[in-house]
1. Over 14 Å, how big is the tail of the calculated P(r) for region A:39-83, in percent of all Cα pairs?
2. Of all alpha-carbon pairs in region B:337-469, indicate the percentage at a distance above 19 angstrom.
3. Could you work out Rg/(2.2 N^0.38 Å) for region A:3-162, with Rg from alpha carbons only?
4. Given an 8 Å cut-off on Cα distances and at least 6 residues of separation, report the relative contact order of region B:323-379 as a percent.
5. From largest to smallest, what semi-axes in whole angstrom does region B:2-128 give when each is the square root of 5 times an eigenvalue of its alpha carbon gyration tensor?
6. For region B:610-652, compute the orientation-averaged projected area of the C-alpha convex hull (one quarter of its surface), in nm².
7. Report, by chain and number, residues whose modeled amide H sits under 5 Å from the one on A:VAL21, excluding near sequence neighbours (fewer than 5 apart, same chain).
8. Note down the Stokes-Einstein diffusion coefficient of region B:381-559 in µm²/s, whole number, using a Kirkwood radius over alpha carbon pairs, 10 °C, and 1.306 mPa s.
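What follows draws every value from the coordinates through simple rules; no lab data is involved. Bear in mind that the values here come from a model prediction, so they are computed numbers and not experimental data. Cβ: placed from backbone, ideal geometry, glycine included. Neighbour counts: every protein chain shown.
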Amino acid sequence: MSVAEILETTQYLTFKLEDEVFALDIAKVREVLEYTTVTKVPRTPDFMCGVINLRGGVVPVVNMRLKFGMPDAEKTVNTCIIIVEVNLDGETTVLGALADSVQEVMDLEPDRIEPAPKIGTRLRTDFIKGMGKHDNKFIMILDIDKVFSADEMAMVQDTGASALI
Amino acid sequence: MRDMSSADKHKETYREEAYELLADLEVALLELEKSPDNGELIGRAFRDLHTIKGSGAMFGFEGIAAFTHEVETVFDLVRDGRMPVTKDLIDLTLSARDHIRNLLDLPETDHNAAGGEILTPLRKLVPRDAEETGTGDSASGHAGDNMTYRIQFRPGPDIFKKGINPSLLLNELRTLGPCRALAYTDSIPKLNSIDPETCYTYWDIMLTTDKGINAVKDVFIFVEEDCKLIIEEICDAGKFGEKFADKKVGEILIERGFVTQGDLASVLGQQRRIGEMLIETNMVSPRKVEAALAEQQHIREIRQKEQQNDHQADTPSSIRVASGKLDSLVNLVGEMVTVQARLSRLSAFKNDPVLLSVAEEVERLTGELRDQTMSIRMLPIGTTFSKFKRLVRDLSKELGKEIELTTEGAETELDKTVIEKLNDPMVHLIRNCIDHAIEPPDIRSAVGKPAQGMVHLSARHSGAYVLIEIIDDGAGLDADAIRAKAIEKGLITPDDELTEKEIYSLILAPGFSTAKTVTNVSGRGVGMDVVKRAIDNLRGSIGISSQKGIGTTITLKLPLTLAIIEGLLVNIGKEYFVLPLAVVEECVELARQDAANAHGRHLANVRGQIVPYIRLREQFIIQGEGPEIEQIVIAGVEGHRVGFVVDSVVGEHQTVIKTLGRIYKDIDGISGATILGDGTVALILDIQRLTEIAEHEEMKAQAGSKKLQSLKEGDN
């Protein structure tokens, strides 16, 4: 994934984990919910928070802090769940991403986005579409399909399934 | 007149109907093969063919109609006893059935695809003498001689809305013989008051044919109820036959002696209303015609009444509903149940007696609504069973084996979705029986079994489950061979100690196939794991038992429904779980003291009976410690009683099953989720799977300690 694909001005939703600002393509975001009770599914990795009830549907929630290797934090009034639509093996799946707080929706022109440096981001580079600059701050634009790709989620299955025979 | 979409819709309806008819035809043919003299079955096959042909022609499936007509003609001879039912006939008719089915799936333009390879031998089957008497004798009666019929066809005004195109009917009439149709346009209103969906035109048709009056009636067989139809025989240009279905004005006038036949003959040629003509030519007074009309009207009314009575008697007790509508109904009921749970919770919280009684009423109604909705979706499994008869017949022939399929419990009802998804795995299992399990006749005779193999399908209810058994009397499974193969494939290690049941279940593992030769029927090693996955997706399970040389029994255990179940809500710490109530037998208390006294063994003494239990808190790695007195929910798992230890039992819960989605699809021991009254999510436990996991872990631990033991002994 590279910056080359970002050719036109796109709107992004930014959210915070610790002090860092991340951005998601707004087209991928369905809605933002306040934090509600999440039901943990047993024998799954910590970053899989569990499932919530989204108007009668059951939606899995991923703790973005733990997913990105950051320490977990107390829930605050700002804690929210960003409901995103990701493409998982060619199927659109609805997922929740647990974030510290949601910031704003902003336009970013392609010339303000740079490719992510290979080192120094503390994140897997293939998770990052590019680095945006806004008010002299860097924003990491996430490739949400990659973050929630089937391989990433397969970890869930490996730890969860205690294969019989 | 009609837009394309409504025409397409009618075509779709025809297709659906035709599929059903073809299925029925197949059943009839297969039964006919067993009892070739059964007139009722021959009639059934004939009727199926006739309806496929008739409505095919009406909805523009000419290719199908033409092809089916040929087959129907042959069956007509059979029906008249002029042709015997032979195996060849059944074979050819079955392949004709398949051909029609193919035609249905093809785009209409390809419908002329010849079925010659079927029809030619089929025609050859027709005995010469039967052919000579004429195939035109299609519906008995006065055939052979050319007869002229006068047909008054007055379609009802809403005939277009019913998807009938009168011009197609006229075209069909033309195929019977020389035909002259005269359209009456006098009742068409002015352009600005025309309703384009109403039929204002009516027809008088003169038809000369040698096919007999029934053939003419058959053309209108589907519109009879929606139109006024009078078909009369007219022998030799004007002499009336004797058996009139409905008396005509002119005829009544003759009977009363007002006019002569000669007058009529001259009038008839002009194809207009006789009454009007007669009045115009002053042969009778309008009053007399009126009287005759009244009589005609009278007869018509009586007839109409009779028809109505017939119609009422025939009113079907079932209706056809698109399955999509049913699915959305079930979804709505599911949401309703969830909302009802919230209401119940709220009313319990408020403790208002008025609200409580309303909530109880709603709960009762919702329960009934749920049961009714679920029962609508229930279908007997028999339709699937009858499909397999054909499969067994064809396959056993192909493989040179003699196999009889017997079925039992075809009336057992299962959720529509389950039945649909069950088809493929069942086909696979039956193929396996025929290909691998049942030996060729010579080997069977050598080991003293009857040469004819047996495959028995049975279905029955067992609690909230349906058990489907596939039993064969073949060679049985070779446990040693399976074991050896599994070791070779690296599925198990030579040290693994497995029970017989576990060895058999190895054949369900991916990439496992013991057949030495790969046939085109089965044995590519992709089989059984696909079956297992399909059954797993239905939240069912597969059990295998076998006796070498005697046979194998495969049992599929399937839930009755996939949508809503009765559940028992329990909690562990802050987490809520639902156990399917159908498997729950009782709940007993487990004091911490008792558990401590059991020396770490997870066994409870329930009225003198030893029941092993699983601590869900440990199993699910839930933090914290349980209360002083915990609850053991005792469930029946495959004939055994297993306890599940939870903190407390909350109560009964109507559980609308939601899937956990792709991400959690391989989570073991959890079969889904449901939404509780307070809007949080509770997980549904897969009791059977949890037991299996616990058993397996136990066994691993035991194997580990045994190894340790043997190592120590080796040291000594």
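1. Across region A:39-83, Cα pairs with separations above 14 Å total 55 percent.
2. The proportion of pairs with Cα distances above 19 Å equals 63 percent.
3. Rounded to two decimals, the normalised Rg is 1.02.
4. On the way: 27 pairs, mean separation 26.4, N = 57.
Once divided by the residue count of region B:323-379, the mean separation gives 46 percent.
5. On the way: eigenvalues 140, 45, 27 Å².
Largest first, region B:2-128 gives 26, 15, 12 Å.
6. Hull-based average projected area comes out at 3.8 nm².
7. For A:VAL21, the qualifying residues are A:MET140.
8. Value of D from the Cα-based Kirkwood radius: 95 µm²/s.
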